[in-house]
Amino acid sequence: MNIEHHVTRNVPRSRASRIATYLTRMFPPQVMVTFAACHFLAVWFALQALGDLAPVQLTWAALRGIGTVALFLLLMRIYDELKDADTDIRLGRGGDPWYRDRPLVTGAVRLEDVKLLRWVVTASLVVINLRTGFAWSSVAFWVVLAVTWLSFKWFFWPPMSERLLVALATHNPISLLLDLYIVGLFADTFGAERVNASAFPLLVGLWLPIAAWETSRKIRAPEDETSYRTYSRELGWKIAPFLPASFVAGSAGLLLYVARIAGLGVVFPIVIAAVGAVVVFRCLLYRMAPTRQHANLKPWAILYTTVANAGLAAAAAHAGMAG
């Protein structure tokens, strides 16, 4: 591919256009804001079901929470973009199919555009979460913001970028901290006494699908491996698929437990068990035959993540209205 010709032809003239191009390509709002809302409501409504609150309530605080979750997801995307920019451009210009059409690689977006977007998103997060007096959500917010910034700096240990499992263990749990922000907002709204130990399996059960997505997207068929670090390259194709399979199985087990103690009926448990079983089967299929088609596990992880979040939100809301 002729990079220079591609760049000259496709660079939007205005910064606003370039940022819009970046968002459309790397963080499509219609997809990511919808996911943020589903994830927030899954935690929000499930906490109400576990805390014996009926009917379920969607408050103004919940709308602020959805905005915060969406903006944090965008901020983490931007941080990943900035800290991996040199590597991504090198891989893209080397012909790696996952990177060659990214806007930073083609020149459709400039690095300074992404840096400006980072400050706009950070300022927006701070503005919508400024509160006077003590609030559990404020404590959680500043913790998440600080840890997110530390992750941008590779926790001051750049070699972490070359160790996939270390990066997974240090960066992926940030989504769990973000869920603690939702718990803090819930405690501020309905009272801290409504939060009990059953929140733990709920949060872990919704965090593990994120880990499944993260690991599934970095698995390739042996013939498709490049210099890009993947789990299938680092661990070997025989071991790598057991990572997303284990995360999905663990999530399904925890969410089945949550559904039982929260009284969410039988539909959600049946659906989550069935979808979880399908994803585990797809992972095992790659283990039995590591072809390019079987290596494409990311859509299956996305399917499970979508069902887990949207399904739990719907089941908890239905149970709350019925109660």
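Please treat every number below as a calculation from the coordinates, not as lab data. Fair warning: this is a prediction, and the values are worked out from it, not measured in the lab. Here the Cβ positions follow ideal geometry from the backbone for every residue, glycine too, while neighbour counts run over all protein chains shown.
If you fit an axis through the alpha-carbon atoms of helix 60-83 and take the longest principal axis of the Cα set of the chain, what angle between them do you get, 0 to 90°, nearest 10?
It works out to around 20 degrees.
Along its principal axes, what span do the Cα atoms of the chain show, with the longest given first and each in whole Å?
Computed over the Cα atoms, the extents are 62, 51, 34 Å.
Can you check what the net charge comes to around residue 161, using other residues whose Cβ is under 15 Å from the Cβ of residue 161 (Lys, Arg +1; Asp, Glu -1)?
Numbers: positive: 83, 90, 153, 163, 218, 229, 233; negative: 80, 81, 84, 86, 88, 162, 214, 234.
The answer is -1.
Compare the Cα positions of 45, 23, 107 along the charge dipole of the stretch 1-130 (+1 at Cβ of Lys, Arg; -1 at Cβ of Asp, Glu; about the Cα centre) and return the one farthest towards the positive end.
My answer, from the dipole projection, is 107.
Please state the equivalent ellipsoid semi-axes for the stretch 197-323: what are the square roots of 5 times the Cα gyration tensor eigenvalues, largest first, in whole Å?
Numbers: eigenvalues 196, 32, 23 Å².
In descending order the semi-axes read 31, 13, 11 Å.
Does anyone have the angle between helix 29-50 and the longest principal axis of the chain? Alpha-carbon axes, 0 to 90°, nearest 10?
Its long axis makes an angle of about 30 degrees.
Which part of the stretch 156-179 falls in the paramagnetic zone of residue 86, meaning amide N under 16 Å from the point 7 Å along Cα-to-beta-carbon?
Counting backbone N atoms under 16 Å from the label point, the list is 156-163.
Based on alpha-carbon centroids, what's the gap between the stretch 214-275 and the stretch 106-140 in Å, whole number please?
Taking the Cα centre of the stretch 106-140 as reference, the centre of the stretch 214-275 is 30 Å away.
For a quick check of your reading of the filter: which chymotrypsin sites (Phe, Trp or Tyr not before Pro) in the stretch 106-150 sit in a DSSP loop and have no more than 15 other Cβ atoms within 10 Å?
Working: sites: 119, 134, 136, 141, 142, 149; in loops: 134.
Those that pass, being in a loop and sparsely packed, are 134.
Taking N as the number of residues in the stretch 130-230, what is its alpha-carbon radius of gyration divided by 2.2 N^0.38 Å?
Working: Rg = 17.1 Å, N = 101, 2.2 N^0.38 = 12.7 Å.
Normalised Cα radius of gyration, the stretch 130-230: 1.35.
Based on DSSP loop calls and a cut-off of at most 14 other Cβ atoms within 10 Å, the longest stretch of the chain free of exposed trypsin sites (Lys or Arg not before Pro) is what? Let's see the in-between values first.
Values: sites that count: 13, 131, 153, 163, 238.
Here the longest segment lacking exposed loop sites spans 14-130.
Using a Gaussian network model on the chain with a 10 Å cutoff between Cα atoms, which of 212, 85, 49 fluctuates the most?
Judging by the Gaussian network model, the answer is 85.
Once label points are set 7 Å from the Cα along Cα→Cβ at both residue 296 and residue 157, what is their separation, rounded to one decimal in nm?
3.7 nm
Putting +1 on Lys and Arg Cβ atoms and -1 on Asp and Glu Cβ atoms, find which of 198, 280, 258 reaches farthest to the positive end of the dipole of the stretch 197-323.
So the residue furthest toward the plus end is 280.
Among the lysines, select those whose C-alpha is under 24 Å from the C-alpha of residue 298, and discard any that sit fewer than 8 residues away in the same chain.
Output for residue 298: 83, 218, 238.
Helix 267-288: angle to the longest alpha-carbon principal axis of the chain, degrees 0 to 90, nearest 10?
The helix 267-288 is inclined about 30 degrees to the chain.
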